[in-house]
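Here is the structure we will look at.
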Amino acid sequence: MLPPIYPILSQDAATAAIVGTRIYPHGEAPQQVARPYVTWFVVAAPPDLVLDGPPPSDRWTIQIDCWHPTSAGIVQLTNAVRSAIEQHACVTTLFLNGREPETGLYRMALQLDYLLVR
């Protein structure tokens, strides 16, 4: 089971106002998708090991990438995503990545840890 990144972001009013349901797993958006949008992927998911049985939870490290055609828009989108996700997970790193050369889109990424109880 994956952490519920899509439901968290798509049900957040501020995020949905900017990207609607354009929130894609595995770090990839469809070709020719409307902009702006969000992609996300799993960086790691180690189990919380215990000696007396199976792991009770997994600690998922997720990267969320925000994509927007304008500089001001990428800041607004990243702030909305961060506010939504911080109600459920701990944001550990915020990357300022600049512009993607092929599409010209601005990109900001954040990494988070999400504890998923089994």
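Treat every Asp and Glu Cβ in the chain as -1 and every Lys and Arg Cβ as +1, leave all other atoms uncharged, and give the resulting dipole magnitude about the Cα centre to the nearest 20 debye. Don't jump to the answer; show the numbers that get you there.
Numbers: 7 positive and 10 negative charges, 65 e Å.
For the chain, the charge dipole is close to 320 debye.
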For the range 91-118, list residues with backbone N below 12 Å from a point placed 7 Å from the Cα of Val43 toward its Cβ?
-> 91-96, 109-114
Would you compute, from DSSP H runs of 4+ residues alone, the mean residue ellipticity of the chain at 222 nm, taking -39500 (n - 2.57) per run and dividing by the full residue count, rounded to the nearest 500?
-> -7000 deg cm²/dmol
Taking the chain as a Gaussian network, where each spring joins two C-alpha atoms under 10 Å apart, which residue of Asp52, Asp65, Asp12 fluctuates the most?
-> Asp52
Tilt, helix 71-85 to longest principal axis of the chain (alpha-carbon atoms), in degrees rounded to tens, equals 20
About the Cα centre, charge dipole magnitude for the range 1-67 (Lys/Arg +1, Asp/Glu -1 at Cβ), debye = 300
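Sort Leu49, Leu105 by heavy-atom solvent-accessible area, probe 1.4 angstrom, most to least. Walk me through the numbers before you get to the answer.
Details: Leu49 140, Leu105 5 Å².
Correct descending sequence by accessible area is Leu49, Leu105.
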Relative contact order of the range 50-118: what whole-number percent is it, with Cα pairs under 8 angstrom and at least 6 residues apart?
-> 47
Top mean-square fluctuation among Thr103, Thr92, Thr61, Gaussian network model of the chain, C-alpha springs under 10 Å?
-> Thr103
Of the options Gln111, His68, Pro54, report the single residue whose Cα projects farthest towards the positive end of the charge dipole of the chain (beta-carbon charges: Lys, Arg +1; Asp, Glu -1).
-> His68
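The values are calculated or read from the model by the stated rules, or taken from the named source; none is laboratory data. This structure is a prediction, so every number in the text was calculated from the model and none was measured. We place every Cβ from the backbone using ideal geometry, glycine too, and count neighbours over all the protein chains shown. Heavy atoms of the whole protein, side chains included, go into the accessibility calculation; ligands, DNA and RNA do not. Shrake-Rupley method; radii C 1.70, N 1.55, O 1.52, S 1.80 Å.
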